Structures are given as C-alpha cells and as structure tokens.
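Trainee: Provided herewith is a single structure, encoded as structure tokens, for subsequent inquiry.
The values are calculated or read from the model by the stated rules, or taken from the named source; none is laboratory data. These figures come from a predicted structure and were not determined experimentally. Cβ atoms come from the backbone with ideal geometry, glycine included; neighbour counts cover every protein chain shown. Quick note on the areas: whole protein, heavy atoms, side chains included, nothing else; ligands and nucleic acids left out. Shrake-Rupley method; radii C 1.70, N 1.55, O 1.52, S 1.80 Å.
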Amino acid sequence: MAKGRQLKGRIRSVQNTRKITRTMELVSTSKLKRAQDRVVAARPYAEALRQVLADLVTPELADQFPMLRAPAPPGKGGPTRAAVVLVTSNRGLAGAFNSNLIKEARRRVEALEAEGYTVDLYGVGKKGIGFFRYLGRKWVLERQDIGDRPTAEHAAEIAEPLIAAYAAGELASVDLVQAQFLSPLQTPPATVRILPVETPAADPGAPKHDYILAPSAEAILEQLLPLYIRNTVYRGLVETAAAEHGARRTAMKNATDNAGEILEVLKRTYNRQRQAAITQEIAEIVGGAAALQG
C-alpha cells in the first residue's frame with residue numbers, strides 16, 4: 001500500500017490533470033459552437049445546389065458531361081486509378097475520432113484495390129497522413145495547414161486537381177472519407193462519392209420547379225458541376241472540423257469525470273491511513289500512561 005506522502009503526491013498530480021482536461025473541455029465547447037454554426041450555414045446552399053442539379057440533369061445531358069458519366073471498369077479499357085480523400089484532424093485527444101476515420105479509409109482503399117484499382121491518397125490532417133505514411137503509403141497531396149477553420153478556397157484547392165484528373169480520364173472515381181456531424185455526440189465516419197457526380201434523386205412529393213434557363217442548361221451545368229463538387233468537399237471539411245470538437249469535448253469530459261472518481265478513491269485511502277495512524281498513536285499513549293500508573 002502506498003504511503004501517505006506518495007498518496008498526497010498522486011492526489012496533486014490527478015488534480016492538475018483534471019484542471020487541464022476541464023480547460024480543454026471548455027475550449028472545445030467554445031470552438032464547437034462556432035464550428036456548428038458553419039455547418040448549419042453551409043447546409044441551405046448545399047441543399048439548393050442539390051435541388052437545382054436534380055431538376056436540370058436529364059439522361060441526355062448526363063451523356064455530355066464526363067463528370068456525370070461512370071467510366072468503364074479497369075479490365076474493359078477504363079481508368080486503373082481511383083482517388084480517396086481522407087480528412088482527419090491535426091491534433092489528438094479526441095477519443096476514437098481519428099482512428100474511426102482511418103479505419104473507414106482503409107476499408108475503402110482495400111475495397112477499391114480488390115476491384116483492381118490503384119488508389120491515390122489525398123490527405124487533409126496530420127493524423128491520417130502520419131498513419132498511412134507509417135504504413136509506407138505515398139500521398140499525392142498532403143494538407144496540414146487547413147486546421148479547424150476551412151474555407152471555400154481550401155476546398156477549391158483540393159477539388160480542382162481531382163476534377164481535372166477525372167475529366168482527363170485518369171481517375172475512375174473519387175471518394176471523400178469524412179465525419180458526419182449529426183450531433184456533438186454522434187460523429188460517425190462516412191464515405192461520400194464525389195466523382196462521378198451522383199445525380200440526386202428528385203423527391204416525388206416535392207413540387208416541380210419550372211426554370212427559365214438563360215443561357216442553356218448545358219452552359220449552366222458546365223459551371224454548376226464543379227461548384228457542386230467544391231461545395232461537397234467544403235461540407236466535408238466543415239463537418240469534420242465540427243465533429244472533431246464534439247469528439248474532443250466528449251473525451252475531455254469523460255477524462256475529467258474519471259479524474260474526479262480517482263480523486264475520491266485516493267482521498268478516501270489517504271484519510272483511512274491517517275485515521276489509522278492517529279488511532280495507533282492514541283493507543284500507544286494510553287498504553288504508556290497505564291504502564292506509568294502501574
């Protein structure tokens with residue numbers, strides 16, 4: 001059993017750790033609110049883009065745009081390369097947040113390689129880049145400068161090379177591995193298909209929009225499709241940033257609660273030892289006094 005001085009040292013250590021985790025929890029809570037606001041602000045624009053795309057794309061137009069056509073399999077003259085974009089955080093202490101994203105990316109890479117594709121990796125975030133680099137994988141693109149405040153310019157810098165490679169017939173598909181921000185407590189990993197663009201299915205219950213197109217639908221789609229892809233990447237970056245803060249806040253709250261429970265056990269053990277020592281001293285005093293009286 002640990003001595004009283006050792007217990008006091010452990011109590012001070014756990015108290016200092018609890019202060020740190022509590023501070024990190026408060027910081028993540030503050031950042032989560034701003035990140036959640038960015039997620040909410042991005043959704044109406046993305047929904048409007050999705051609705052316009054669903055109304056404009058027809059089977060005839062789909063054949064005219066490479067970004068809407070799925071290429072042939074690699075064994076039938078199609079591209080032999082596919083791209084996976086992995087979005088993780090630059091920092092840890094977020095529970096299983098980054099490891100879940102890495103597992104999702106590994107599953108997707110293994111599935112593509114089983115189909116006969118050579119996978120090109122595009123990484124955003126230090127944690128995912130470091131893991132695959134440890135496995136000996138080479139990255140086509142590494143971005144560790146985006147952080148938890150992504151912008152539309154960051155999304156465009158990531159999406160433009162992918163769009164150009166797919167339009168040139170070099171890539172068969174592009175997948176984005178991101179975190180879905182359902183709530184601060186629910187941030188599951190997800191794989192989103194970026195290219196070829198999967199035309200959103202029109203809602204049969206929604207009213208049909210009657211557009212007056214100027215210029216033609218072809219000219220509008222030529223500008224709309226790259227915009228839709230960049231917006232999809234931007235939403236992935238924003239939702240992953242918000243999910244990171246939610247996961248870190250949950251992890252730090254759990255660590256703070258655990259530190260409190262450990263403190264209770266240590267204090268209880270220390271008090272018992274102190275009371276036992278006091279009782280022993282009293283017994284020795286009483287025994288000595290009785291001996292002197294005898």
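Trainee: In this structure, does A105 turn out to be at pLDDT below 90, out of contact with any Ser or Thr (no Cβ under 6 Å at 6 or more places or on another chain), crowded, with 18+ Cβ neighbours inside 10 Å and under 19 Å from F131 (Cα atoms)?
Mentor: So A105 fails the test.
Trainee: Mind listing whichever residues of segment 260-287 are closer than 21 Å to T17 by Cα and either open to solvent by less than 60 Å² (accessible area, probe 1.4 Å) or without any contact (Cβ under 8 Å) to a residue 40 or more places away in the chain (or both)?
Mentor: Result: G260, E261, L263, E264, V265, L266, R268, T269, Y270.
Trainee: Next question, about the same structure. Restricting to segment 22-42, give me the number of residues that are open to solvent by 40 Å² or more (accessible area, probe 1.4 Å) and either free of Cβ contacts under 8 Å to residues at least 60 places away in the same chain or in contact with a Phe, Trp or Tyr (Cβ under 9 Å, 6 or more places away or on another chain) (or both).
Mentor: Within segment 22-42, the subset open to solvent by 40 Å² or more (accessible area, probe 1.4 Å) is 22-24, 26-27, 29-31, 33-34, 36-38, 40-41.
Going one step further and asking which of them are either free of Cβ contacts under 8 Å to residues at least 60 places away in the same chain or in contact with a Phe, Trp or Tyr (Cβ under 9 Å, 6 or more places away or on another chain) (or both), we end up with 23, 26-27, 30, 33-34, 36-37, 40-41.
Residues flagged as open to solvent by 40 Å² or more (accessible area, probe 1.4 Å) and either free of Cβ contacts under 8 Å to residues at least 60 places away in the same chain or in contact with a Phe, Trp or Tyr (Cβ under 9 Å, 6 or more places away or on another chain) (or both) within segment 22-42 amount to 10.
Trainee: Separate question: Of a type in the set (G, A, S), modelled with pLDDT under 80 and in contact with a helix residue (DSSP H, G or I) (Cβ under 9 Å, 6 or more places away or on another chain): does that describe A251?
Mentor: no
Trainee: From the list L121, L135, L171, pick out the single residue that is open to solvent by 50 Å² or more (accessible area, probe 1.4 Å) and out of contact with any Gly (no Cβ under 8 Å at 6 or more places or on another chain).
Mentor: L135
Trainee: Going by what's in this entry, would V52 be described as outside any loop (DSSP other than H, G, I, E, B) and touching a Ser or Thr at 6+ places or on another chain (Cβ under 9 Å)? So that I can check it myself, show each step before the final result.
Mentor: On the way: outside any loop (DSSP other than H, G, I, E, B): yes; touching a Ser or Thr at 6+ places or on another chain (Cβ under 9 Å): no.
Answer is no for this residue.
Trainee: Can you confirm whether P196 is loosely packed, with under 14 Cβ neighbours inside 10 Å and either at pLDDT 90 or above or under 24 Å from L227 (Cα atoms) (or both)?
Mentor: Judged against the criteria, P196 is not a match.
Trainee: Tally time: how many residues in segment 63-101 are within 15 Å of the chain's Cα centre (by Cα) and surrounded by fewer than 20 Cβ atoms within 10 Å (Cβ to Cβ)?
Mentor: 8
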